[in-house]
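**Student:** Below you will find the structure I want to go over with you.
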Amino acid sequence: MFAAENGLKGDPRLKAISDAITVVPHFPKPGIMFQDITTLVSNHKVFKHTVEIFVDRYRDMDISVVAGVEARGFMFAPSIALGIGAKFIPLRKPGKLPGEVISEAYELEYGKDRLEMHVGAVKPGERALVIDDLVATGGTLSAAIRLLERNGAEVVECACVIGLPELKERRLLNGKPLYVLVEPREL
Amino acid sequence: MNALSQPSPLKIKEAKIASSRRSSVFTKSCFFTPNTAAAPSRSDLLIYSRFTAGASATAPERRRMSGAAMATSNVDGTDDRISRIASTIRVIPDFPKPGILFQDITTLLLDPKAFKDTIDLFVERYKDKNINVIAGIEARGFIFGPPIALAIGAKFVPMRKPKKLPGEVISEEYSLEYGTDVMEMHVGAVQPGENAVIVDDLVATGGTLNAAIRLLGRLGVTVVECACVIELKELKGREKLGDNPLFVLVSET
């Protein structure tokens, strides 16, 4: 669900967050309007507001695990974890995590990719969030949810800064709630 | 710009611990003092050194510190925090290749207090020092950099692998053990005259940090210091950085 329809209607922070995102047309391929969050993380005040909104939402939900998707999810998830006193777990591309991992495949527009997570990073029954910068089809987040569940965690919600408007029709992703701050910025 | 000043000497304290399998020597070197008018100089280390007697027989294994190792002097609880941080780092032998002892910080991130202490130690060092930019190196620098940037009021600037950043970038090629790699940053992310600290989880040969220093320098930014959780002393990254200061929390020999 979008933040504006879920308690933050008219919150000026949401407009500031949207304004801080840069749209780059035809990147990485023609037809794609890339939502660049680097201008958000380089704006200290807006970056702080972004993290605060998530921390305020999740602080009292008894969450002990915040999982971030490589690599842009790493820019947001650790600060949220620190803000709510939870552990941070990186979900990574194949071959990056040392030691024992489990792996989950997911679909790209053309082809497949895989996401990995350390075995034993969570204890069964721990309550978890998944964080990424943007959700489009939900393929990556779905793989993340499956990894956490295979390790015995309960995924409470997935949260992203940006979400495509099609998702307004779907409050749930694989049966899990989805929380999004803003829609994609237009040129 | 406020310089990170020349530290004044303090007494060095040592705790020597011998155990059946490995011996460790812990030293604490000087702290820096409040700012003076001194010119920027090579900043001193706040390090917690350990000698490792080789890979353990059972791997992966969490490090254990004996009780006596914790009983060093306690300036603002710093040594307690560093010993906890060091104890959470997991060493994985033969990753990513045979012969390499990989320093895995994911176990540090699973300990909320150790992770918070890590960030606090960097924040205590860099807040109120007129640092405008925290540059984090993809990907593990993205884990430590943003919390530091948020706490000290700086912007976070990602230094990325090729073709990840959209828009106008500059690139710098650097050497790997076999071959080369390329690092990129956004042209518009920084302004000439800004002061930056570069953050990564670990410094080995120093090649990656040097590439980041060159990129920021090309855009007129002053790199005040490089900051890493772990230093692999044997690989002499500190020498490779030359006059560029390096600050680490844990030094592995």
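The values are calculated or read from the model by the stated rules, or taken from the named source; none is laboratory data. Computed from a predicted model, the values in this text were never measured in an experiment. Cβ: placed from backbone, ideal geometry, glycine included. Neighbour counts: every protein chain shown. Protein only, heavy atoms only, side chains kept; ligands, DNA and RNA dropped before computing areas. Shrake-Rupley method; radii C 1.70, N 1.55, O 1.52, S 1.80 Å.
**Student:** Can you tally the lysine pairs in chain A where the Cα-Cα distance is under 23 Å and the two residues are eight or more apart, or on different chains?
**Tutor:** 21
**Student:** Within 10 Å, Cβ to Cβ, of A:Phe76, how many net charges do the neighbouring residues add up to if Lys/Arg are +1 and Asp/Glu are -1?
**Tutor:** Overall, the nearby charge balance is -1.
**Student:** Can you work out the Karplus-derived ³J(HN,Hα) for every residue in the stretch B:96-109? Use 6.51 cos²θ - 1.76 cosθ + 1.60 with θ = phi - 60°, whole Hz, and x for glycine or proline.
**Tutor:** Result, ordered by residue: x, 9, x, x, 9, 9, 7, 8, 9, 8, 5, 6, 5, 5 Hz.
**Student:** Rounded to whole Hz and in sequence order, give me ³J(HN,Hα) for the stretch A:58-68 from the Karplus expression 6.51 cos²θ - 1.76 cosθ + 1.60, θ = phi - 60°, writing x for Gly and Pro.
**Tutor:** The phi angles translate into 9, 4, 9, 9, 6, 9, 10, 9, 10, 9, x Hz.
**Student:** Given 0.36 nm per residue, what is the gain on full extension from A:Arg114 to A:Asp60 after removing their alpha carbon distance, in nm?
**Tutor:** Result for the pair: 16.2 nm of gain on full extension.
**Student:** Check which residues have an amide H placed less than 5 Å from B:Val223's amide H, if you skip close sequence neighbours.
**Tutor:** Placed amide hydrogens put B:Ala196 under 5 Å from B:Val223.
**Student:** Distance in nm between label sites at A:Val24 and B:Arg214, each 7 Å beyond Cα in the beta-carbon direction?
**Tutor:** Each label point lies 7 Å from its Cα, and together they span 2.2 nm.
**Student:** Applying a 10 Å radius around every beta-carbon, put B:144-157, A:48-61 in order of their mean neighbour count, most first.
**Tutor:** Sorting B:144-157, A:48-61 by mean packing, highest first, produces B:144-157, A:48-61.
**Student:** If I stretch the segment between B:Phe102 and B:Asp80 completely, what's the gain in nm (0.36 nm per residue apart, minus their alpha carbon distance), one decimal?
**Tutor:** Answer, rounded to one decimal: 5.5 nm.
**Student:** Skipping prolines and chain starts, which residues have an amide H placed within reach, meaning under 5 Å, of the one on A:Lys87, given they are 5 or more residues away or on another chain?
**Tutor:** So A:Lys87 has HN proximity to A:Val65, A:Val66.
**Student:** Rg(Cα) of the stretch A:76-187 divided by 2.2 N^0.38 Å?
**Tutor:** Against the compact-globule rule of thumb, the ratio is 1.06.
**Student:** Would you list which aspartates and glutamates come within 15 Å of B:Lys240, measuring only between C-alpha atoms, while excluding same-chain residues fewer than 8 positions from it?
**Tutor:** B:Glu177, B:Glu225, B:Glu231
**Student:** Figure the gain on full extension for A:Asn174 and A:Ala105 (residue separation times 0.36 nm, minus the Cα-Cα span) and round it to one decimal in nm.
**Tutor:** 23.3 nm
**Student:** How much solvent-accessible surface does B:Tyr126 expose, in Å² to the nearest 10, with a 1.4 Å probe and all protein chains in place?
**Tutor:** 0 Å²
**Student:** How many nm separate the modelled label positions at A:Lys48 and A:Arg150, each set 7 Å beyond the Cα in the direction of the Cβ?
**Tutor:** Those two pseudo-labels are separated by 4.1 nm.
**Student:** Moving on. Over all Cα pairs of the stretch B:208-253, how is the pair count split among 10 Å bins, expressed in % and running from 0 up to the last occupied bin?
**Tutor:** Reading the bins upward from 0: 26, 55, 17, 2.
**Student:** Let me check against my output: what whole-number percent is the relative contact order of the stretch B:150-225, with C-alpha pairs under 8 Å and at least 6 apart?
**Tutor:** So the answer I get is 30 percent.
**Student:** Amide H of B:Val169 versus every other amide H placed in the peptide plane: which residues, excluding those fewer than 5 positions away on the same chain, fall under 5 Å?
**Tutor:** Result for B:Val169 returns B:Val187.
**Student:** While we're here: Using just the Cα positions, wrap the stretch A:17-97 in a convex hull and report its mean projected area in square nanometres, one decimal place.
**Tutor:** Directional mean of the projected Cα hull area for the stretch A:17-97 stands at 6.5 nm².
**Student:** Next question, about the same structure. In Å, the Kirkwood hydrodynamic radius of the stretch A:62-127 over pairs of distinct alpha carbons?
**Tutor:** 12.8 Å
**Student:** Starting from the Cα of B:Asp94, step 7 Å along the direction of its Cβ; do the same at B:Lys116; then give the gap between the two resulting points in nm.
**Tutor:** 3.9 nm
**Student:** A follow-up question, please. Give the ranking of B:Thr88, B:Thr208 by solvent-accessible surface, highest area first, calculated with a 1.4 Å probe.
**Tutor:** B:Thr208, B:Thr88
**Student:** Quick one: if the Förster radius is 30 Å, what FRET efficiency do A:Lys96 and A:Lys9 give, using the C-beta to C-beta distance and rounding to 0.05?
**Tutor:** 0.15
**Student:** Could you tally the net charge around A:Val23, taking each other residue with its Cβ under 13 Å from the Cβ of A:Val23, Lys/Arg +1 and Asp/Glu -1?
**Tutor:** -3
**Student:** What percent do you get for the relative contact order of chain A when only Cα pairs under 8 Å and 6+ apart count?
**Tutor:** Once normalised by length, the contact order is 21 percent.
**Student:** Determine the shielding of peptide B:133-143 by partner chains: average, over its residues, the number of Cβ atoms on other chains within 10 angstrom of each Cβ.
**Tutor:** Rounded to a whole number, the mean comes out at 4.
**Student:** Given Cα pairs under 8 Å that are at least 6 residues apart, what percent is the relative contact order of the stretch A:44-119?
**Tutor:** Rounded, it is 24 percent for the stretch A:44-119.
**Student:** Apply the Karplus parameterisation 6.51 cos²θ - 1.76 cosθ + 1.60, with θ equal to phi minus 60°, to every residue of the stretch A:84-89 and state each ³J(HN,Hα) to the nearest whole Hz, in sequence, with x for glycine and proline.
**Tutor:** Per-residue couplings from phi come out as 10, x, 9, 7, 9, 10 Hz.
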